[in-house]
Structures are given as structure tokens and as C-alpha cells.
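Engineer: Right, I'll just put the structure down here and ask away after.
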Amino acid sequence: MAASLRPGASNVVPLPRVTRSGEMCAVRGDLAGLLAHDLKTPLAAISMNLDFVLDEMGGQASDAMRAALEDCRAANARAVRIVGDMLDVSRLASGERKAMLVDIDTSDLLAGLIRAVAPEATSRGIRMEWNSDEDVVRGDADLLPRALERLLERAVRHARCGGAIAITVRCAMVTIRVNSVPGNENDASPPEAAMRALGMHFAEAVLRAQGGAVWTESDRDGALVFRTALTGH
């Protein structure tokens, strides 16, 4: 039977005190999972209603109004993706989801990554360069491409207009180098700043779950570099 409250009694139920860092991490993971789960429904409603409005307006909407609604739809799609990433981080942390390692065709992987960031890179005049010494890489077929996409998106956001991003796959490692614009070699973002993002948190969780790691550093030319060890082997 549920306990009843006396008139004037506090309605605040005290939470158990968390004393160990492991317990605190578990609480944060649970909260993140609950938050992501509860955001799915309102974000889906926003997406469906935006689609409905755009379809109903047809050719009656001004170019500015349609562009604004399209921006809203793109932003909502990004929010949906972030929520999905948060859920998977929570599931990986709890053990509900495990990384399943398979062989992934490197050419297909790189083509998908380049295609995902092409619109933003093209709009800012950022060149994409890539090469690989590996025909296949080992990783989770769903999680790994998403994790690398988050890294590449982060690299594009830190790249200067007119610059270039070089992706190299070699010895079970993916390296993403943000090359400086000639004359602006000292403008590279500090590595620690590049790590502060939900996308980087997701990538780190994915790589750790499959026995790998991800980190950022500055090379001898001062360029920002994202390095990803795909597995522990």
C-alpha cells in the first residue's frame, strides 16, 4: 500500500545519497537514457507536423518561409539523431547493447562518410581527401560508421573555409586531419575544444565498446587531428 502524506508534510521524496563515483556514473547514465527515451515522441511529432505543413503549403509558401521550415526540419532531424546516439550510449554503458565486430568494406565506409558531410563541406569550400591501405576494417556495422561520421562532422565544423580534411585508414586506425588554410596555420582549434561535444562522447563510447579508442591531438604543423584505433588488436 502506498504511504499517505500528512497535511503540511513535504511532498519531496529524498533521493539516496550517492557516495561512489561508479554509482554517480550509473545515475548519470540512467538519467541520460530516460531523457533520450522521453524526447523521442515529441521530436517525432515535430517532424511529422513539419512534413505535413510543407506538403499542405505546396507552392503557396514564399521561398523565405519554405527555407525557414526546411531549416527547422533539418534541425529536428539532427536532434532526433542526437537522441538516438544518447540512447545507444546508455545501452552500451548498461550492457544492454553489445558491439558486434564484423568486416566492413573500407571503400563503402569512406564513401558513406564523405556523402554524409558533403553538403556542409561543399558550402564552405572544404576539400575532402582520403586514402586507405586496408580493404576491410573490423567494427560494429551500425555503430562504427555513425561514430566516424560524428568525428568527421566535428572535423568539418573546425575546418576553415577553403581548407581541406584528409582521411587515412591504415593499420586498424582512422586518422582525420584538419589541414590549415595557407597563411592561417596558427588558427587551428585546440584538441581539447574538439572533444567537447555530444557527438564525440558517442564516438568515444562506441570505440571503447569495441575495444578501441579515440582522441585528438595537434601534429607538428599545428593541424587538428582526430585519431581512432578501431580495435584493441
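Engineer: Roughly what % of DSSP beta bridges within region 101-229 run antiparallel, to the nearest 5?
Structural biologist: Once the DSSP bridges in region 101-229 are tallied, antiparallel ones form about 80 percent.
Engineer: Hey, another quick one. In terms of the Cα gyration tensor, with a ≥ b ≥ c the square roots of its eigenvalues, is region 64-156 rounded because a/c is under 1.5, prolate because a/b exceeds b/c, or oblate?
Structural biologist: Since a/c reaches 1.5 but b/c is at least a/b, the shape of region 64-156 is classed as oblate.
Engineer: Given Cα pairs under 8 Å that are at least 6 residues apart, what percent is the relative contact order of region 101-229?
Structural biologist: 24 percent.
Engineer: Please turn the phi angles of region 139-156 into ³J(HN,Hα) values with the Karplus equation 6.51 cos²θ - 1.76 cosθ + 1.60 (θ = phi - 60°), one per residue in order, whole Hz, x for glycine and proline.
Structural biologist: Going residue by residue, I get x, 6, 5, 9, 6, 4, x, 5, 5, 5, 5, 5, 5, 5, 4, 5, 5, 4 Hz, with x marking Gly and Pro.
Engineer: Calculate the spin-label point distance for residue 171 paired with residue 45, positioning each point 7 Å from the Cα along the beta-carbon direction, and give it in nanometres.
Structural biologist: 5.4 nm
Engineer: OK, next. Step through the residues of region 174-179 one at a time and calculate ³J(HN,Hα) from phi using the Karplus curve (6.51 cos²θ - 1.76 cosθ + 1.60, θ = phi - 60°), rounding each to whole Hz and writing x for Gly and Pro.
Structural biologist: My calculation for region 174-179 gives 9, 10, 10, 10, 8, 6 Hz in order.
Read-outs: derived from the displayed coordinates by stated rules, not from any lab. A quick note: this is a predicted structure, and the numbers were derived from the prediction, not measured. Cβ atoms come from the backbone with ideal geometry, glycine included; neighbour counts cover every protein chain shown.
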